[in-house]
1. Can you tell me which residue within the range 381-394, out of those that are in contact with a helix residue (DSSP H, G or I) (Cβ under 8 Å, 6 or more places away or on another chain) and small (Gly, Ala, Ser), is nearest to the ligand (Cβ to nearest atom)?
2. Just one of the numbered conditions (1) under 24 Å from the mean Cα position of the chain (by Cα); (2) within 16 Å of the ligand (Cβ to nearest atom); (3) hydrophobic (A, V, I, L, M, F, W, C); (4) modelled with pLDDT of 95 or more is not true of Ile492; which one?
3. Can you say whether Asp297 is surrounded by fewer than 21 Cβ atoms within 10 Å (Cβ to Cβ) and modelled with pLDDT of 95 or more, as far as the supplied structure shows?
4. When you go through Pro551, Pro556 one by one, which is the residue that is touching a Pro at 6+ places or on another chain (Cβ under 9 Å), away from the ligand (no atom under 15 Å from the Cβ) and at pLDDT 95 or above?
5. For Tyr397, which of the numbered conditions (1) over 26 Å from Val91 (Cα atoms); (2) away from the ligand (no atom under 16 Å from the Cβ); (3) in contact (Cβ under 8 Å) with a residue 40 or more places away in the chain fails to hold?
6. Taking interchain pairs and intrachain pairs at least six residues apart, which have beta carbon atoms under 8 angstrom, with the first residue in the range 531-550 and free of Cβ contacts under 8 Å to residues at least 40 places away in the same chain and the second of a type outside the set (Phe, Trp, Tyr)?
7. Suppose the filter is within 16 Å of the ligand (Cβ to nearest atom) and basic (Lys, Arg); does Arg499 pass it?
8. Sort out which residues of the range 361-380 are touching a Lys or Arg at 6+ places or on another chain (Cβ under 8 Å) and within 16 Å of the ligand (Cβ to nearest atom), and write them in order of number.
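The values are calculated or read from the model by the stated rules, or taken from the named source; none is laboratory data. These figures come from a predicted structure and were not determined experimentally. Don't worry about glycine lacking a Cβ; one is built from the backbone with ideal geometry, like all the others, and counts go over all protein chains shown.
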Amino acid sequence: MLDKDFYQVLASTFRFWYIPPPSMNHTTTKKTRFIFVTGGVVSSLGKGIVAASLGALFEARGLTITMQKLDPYINVDPGTMSPYQHGEVFVSDDGTETDLDLGHYERFTHAKMSKRSNYTTGRIYESVIRRERRGDYLGATVQVIPHITNAIKDAVLSLRADDVDIAIIEIGGTVGDIESQPFLEAIRQLRFDLGRENTAFIHLTLVPYVAVAGELKTKPTQHSVQKLREIGIQADALLCRSEYTIPKNEKDKIALFCNVPRDAVIDVPDVDTIYAVPKVLRDGGLGSLILNQFSIDDPMPDLSIWDDICQKIRSSKMEIKIGMVGKYVALPDAYKSVNEALQHGGLNHDVTVKIIYIHAESLETDGVAALEHIDGILVPGGFGQRGTAGKMLAIRYARENNIPFFGICLGMQLAVIEFARHVAGIEDATSSEFDECAKHPVIALMTQWEQEGGHVHRSFDSDLGGTMRLGGYPCKLIADTQARKDYNQETIRERHRHRYEFNNTYREELERAGLIVSGTLPDNSLVEIIEVKNHPWFVACQFHPEFISRPYAPHPLFSGFIGAVKAKVNV
Ligand code: GLN
């Protein structure tokens, strides 16, 4: 067989452009099948949750899966985007800043997200342009087809591995968007290259209920499927989102007009919890349909973990109110993983967590009255000074009134500042994020420590002129602390996304004043968790524990926090 090197030599000899077909770049003995999930009609149909639930459905049959999101926007990653634009930035263990859907993938499946799990148009173009500058295209005119589409195909095929049965790839955006065209063309070609037995197209659409007519409408779905067909993609299955169960005759109509088999039209009505979606897809027969297409054995899926989770959610006897004091509270998606982790914490204690979003700045203008009927307070991560005074009012209120408090990243930094100011008597304590020339920066850039030999990897995002500590780091827990009790182990690993750190210059002084350092890097060099004494539960961490919480394995700190809140409410 002619191989890659042969073509490369030929290309340099005769000066024609050569782009290795993606299939030549990867060797594998086991076949990884690919499922592409596209969306139609409108956005926000829950495509990420459906894709993740499909992953759960295959795992429930003992298959190994991986997942990937292809995002049509031009940002190289979502790290620099406003949470209002994009919702939360999810961080993988390897330190990649990714789309929040990857959070769903990790919560629903055991797949580990990494830098190969999220590609944007920007990232694809960046790699192609870098190769063009290096001369890799040997004089060719570099074009969307084939260069961009080949780069996309390479990104998808990089998921192939001996231990991966199925790779699920979600295409961001809605079919018909100009931006997503190259991605759709790339997956069309992948079907051509790999065949129907190795690829499947699942299209998620909306079947709206028109109240005045009293009818579910199938036309938008027909148009969306037509749009896909225009670019050469014939859906293998249609997932129809609707408020209600879709009657048989409407499904028959969709099947006929969209040219899909009758059993491939599956309705996905609204459910009371997202963790019920794997079961909805199973009941619709989606897993069996796809496995049949792939000629893979189709044992009965074991969905007992999902059944248990739903049962727990539905049977919880008590509701507790957690006040989430943040800057982006108008868009709950900005705190997606925190919201989910709080619910997971509730599952361990048979309580439903109701999140009351409190705008930090409103506390500055209206005072802390809004906190009076709250059972526990959480201050999540954030950037910049705006709203920090309000967050510190909430932290002080929690500390002085024995209200369980959980601080995350910026929430921890502000807890340290609040403690320094009001307990340790360092009145002008602050973070150098808010005042570069601060006299008492109890939170600061620890570059000096790093220059002296400290080893923390910081990614350099040049345009923002700063460096971030990103991804998983080990943390050693100190004996006889709340954190150690909740985790019930000595060394943990947690994910980070921040520039500033607890300033060690003030560690002794703050500890003398009663601040407890309960977690550090294993060499004791950076403070990772702090607590205060004689308080029912006041714990704040520099990392983002929400990223590793799972519904079937609630995070120890979220569980500890909710447990303390429940105990307090029950008194
Ligand atoms: N702004 C703070 C820092 O950069 C905290 C970041 C965060 O909360 N993720 O260190």
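1. Going through the qualifying residues, I end up with Gly381.
2. Tallying (1) under 24 Å from the mean Cα position of the chain (by Cα); (2) within 16 Å of the ligand (Cβ to nearest atom); (3) hydrophobic (A, V, I, L, M, F, W, C); (4) modelled with pLDDT of 95 or more, Ile492 fails exactly one: (2).
3. So Asp297 fails the test.
4. Numbers: Pro551 fails: touching a Pro at 6+ places or on another chain (Cβ under 9 Å).
Of the residues listed, the single one that is touching a Pro at 6+ places or on another chain (Cβ under 9 Å), away from the ligand (no atom under 15 Å from the Cβ) and at pLDDT 95 or above is Pro556.
5. Failed condition: (3).
6. Partner pairs satisfying both residue conditions: Lys533/Gly514; Lys533/Ile516.
7. yes
8. Correct list: Val379 only.
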